[in-house]
Amino acid sequence: MTQHRSALCKLALSTFLVALPLQTALAQEAAAVAERLKSLLAAQNVTIAWTGVSGDASETVLEGTSFKVAGEDKAFEIGKVTLGGITEENGGYKIETVSTEPFNRTENGATVDVSPLTLGNVSLPAEGATDPLASFMLYETASVENVSIKVGDKQAFQMSNFEAQVTPPTDGKAMDFTGAAETFTADLSLVEDAQSKAVIDALGYQTITGSFNLAGTWQPTDGNMALTEYDITVDDAGTLGMTFDLGGYTPAFLKSVQDLQKTMAAQPEGADNSAQGLAMLGLMQQLTFNGATIRFDDDSITNKVLDYLGKQQGMTGKDIANQAKAIVPFMMMELNNPELTKQVTAAVTAYLDDPKSLEIAAKPGSPVPFALLAANGMANPKELPNTLGLTVTANQD
């Protein structure tokens with residue numbers, strides 16, 4: 001019996017000694033993945049920390065995780081983060097999913113609840129990689145099922161089913177990105193300002209619902225950044241949308257901005273940041289303006305507002321609309337731009353007569369450097385509408 005026990009002890013000890021190097025190697029792999037994530041986020045001015053790392057080469061768990069954006073005093077606690085389905089890729093790592101725990105925090109009477117955030121197909125490029133985006137952590141999908149804000153026991157805001165998709169730039173193609181929130185709800189009856197509350201009640205928007213959509217492209221090689229859709233829709237009110245198109249938004253430009261932000265964040269409180277402010281203005285000169293639009297598509301709110309304003313003055317909504325149409329040409333005289341005055345007057349008149357859509361577009365004939373826009377804005381602001389190719393239209397598809 002003694003011999004059997006001795007043999008079993010030796011077997012157990014030998015098994016432990018063989019497994020120990022493997023366990024150590026697995027722990028080192030998990031730590032390596034975590035440190036690469038930390039390094040990439042640091043390059044983007046985000047400091048991530050954790051109280052412990054566990055797992056192996058295929059799944060890593062960060063315990064007690066927090067992150068802090070440069071310039072912020074307080075770190076944001078998010079708890080456990082799980083990196084699942086890890087594989088090596090060109091010296092770096094590809095991660096199938098990065099997911100957080102549900103988040104809950106109560107502060108100043110408001111409670112925030114956020115369901116787990118999940119990122120899909122996350123890339124952690126190898127250190128020293130030559131790809132222009134090697135200093136970025138990229139993901140292909142992101143989703144949050146629910147975001148809730150309560151004030152006391154009342155639901156102040158809720159957003160459901162936010163999803164984003166990113167197609168990484170490959171073979172010289174631009175990055176495509178889209179995002180959408182299926183629904184959101186806000187309780188405006190919680191607004192405390194008496195004047196605002198009276199307007200909300202009169203218009204019947206104590207509770208609003210709606211949705212959100214965005215889409216765009218980014219070409220890292222030449223820095224063209226185009227936001228082709230950014231629409232916020234409020235049901236039974238309307239949709240506010242905007243687009244823009246910029247040039248020069250390259251990875252090198254982003255790196256310079258991040259370095260400058262890091263420098264400014266490191267300054268002691270109350271320090272003179274004027275030099276950094278001038279440096280930021282200098283960086284902005286690298287960008288060019290290609291175009292932008294702001295558009296509103298009405299879904300009944302315009303006539304509600306006109307009727308409300310009319311009642312305040314003992315008039316009808318149509319009377320208020322006629323007053324507005326008469327005032328517009330005089331307001332535009334300041335610009336000394338007869339063509340634009342004619343456009344705006346015609347657009348406002350058409351919109352108030354039959355509210356469908358109103359759009360302000362800036363489409364210069366060729367890209368305009370931000371330096372020229374700044375110079376014109378200071379030296380001859382009345383010339384800016386011509387420089388920008390500004391137009392105003394109404395009720396157009």
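GNM on the chain, alpha-carbon springs under 10 angstrom: the most fluctuating residue among ASN376, ASN146, ASN45 is ASN376. Averaging 1/r across all pairs of distinct Cα atoms in the chain and inverting the result yields a Kirkwood radius of 25.9 Å. The relative contact order of segment 73-142, computed from alpha carbon pairs under 8 Å that lie at least 6 residues apart in sequence, is 26 percent.
Just want to confirm a number: the relative contact order over the chain, from Cα pairs under 8 angstrom separated by 6+ residues, in percent. Each step should come with its number before you reach the end.
Values: 785 pairs, mean separation 32.4, N = 397.
Relative contact order, the chain: 8 percent.
Could you sort ASP73, ASP298 by accessible area so the largest value comes first, with the probe set to 1.4 Å?
Working: ASP73 155, ASP298 35 Å².
Most to least solvent-accessible, the answer reads ASP73, ASP298.
Taking only C-alpha pairs under 8 Å that are 6+ residues apart, what is the relative contact order of segment 144-258 in percent?
Numbers: 237 pairs, mean separation 20.7, N = 115.
It rounds to 18 percent for segment 144-258.
The listed residues VAL199, VAL81, once ranked by accessible area (1.4 Å probe) with the largest placed first, stand as VAL199, VAL81.
Kindly identify segment 159-277 as rounded, prolate or oblate by the Cα gyration tensor criterion: order the square roots of the eigenvalues as a ≥ b ≥ c, call it rounded if a/c is under 1.5, otherwise compare a/b with b/c, prolate if a/b is larger, else oblate. Write down the numbers at each step before the final one.
On the way: a/c = 2.97, a/b = 1.40, b/c = 2.12.
Taking the square roots of the gyration eigenvalues as a ≥ b ≥ c, segment 159-277 is oblate.
Among residues other than ILE232 with Cβ under 13 Å from its Cβ, the summed charge is -4 (Lys and Arg +1, Asp and Glu -1).
Rolling a 1.4 Å probe over the protein chains gives TRP50 an accessible area of about 60 Å².
Each of ALA350, TRP50, TYR249 was placed along the dipole of the chain (beta-carbon charges, centred on the mean Cα), and the one lying farthest toward the positive end is TRP50.
Springs join every pair of Cα atoms under 10 Å in this Gaussian network model of the chain, and among LEU283, LEU138, LEU40 the largest mean-square fluctuation is at LEU283. Near GLY84: Cβ cut-off under 9 Å, other residues only, Lys/Arg at +1 and Asp/Glu at -1. The net charge is -2.
Report the net charge of residues surrounding THR293, where surrounding means a beta-carbon distance below 14 angstrom and charges are Lys +1, Arg +1, Asp -1, Glu -1. Walk me through the intermediate numbers first.
Working: positive: ARG295, LYS363; negative: GLU229, ASP231, ASP245, ASP297, GLU359, ASP397.
So the environment of THR293 carries a net charge of -4.
Quickly estimate the mean residue ellipticity at 222 nm for the chain, helices only: each DSSP H run with n ≥ 4 gives -39500 (n - 2.57), and the total goes over all residues, rounded to 500. Don't skip to the answer; put the middle values down first.
Working: 9 runs with 138 residues, N = 397.
After summing the helix terms and dividing by residue count, I get -11500 deg cm²/dmol.
The values are calculated or read from the model by the stated rules, or taken from the named source; none is laboratory data. Model, not experiment: these values are computed from the prediction. Backbone-built Cβ (ideal geometry, glycine too); neighbour counts: all protein chains shown. In case anyone asks, the SASA skips ligands and DNA or RNA and just uses the protein heavy atoms, side chains included. Shrake-Rupley method; radii C 1.70, N 1.55, O 1.52, S 1.80 Å.
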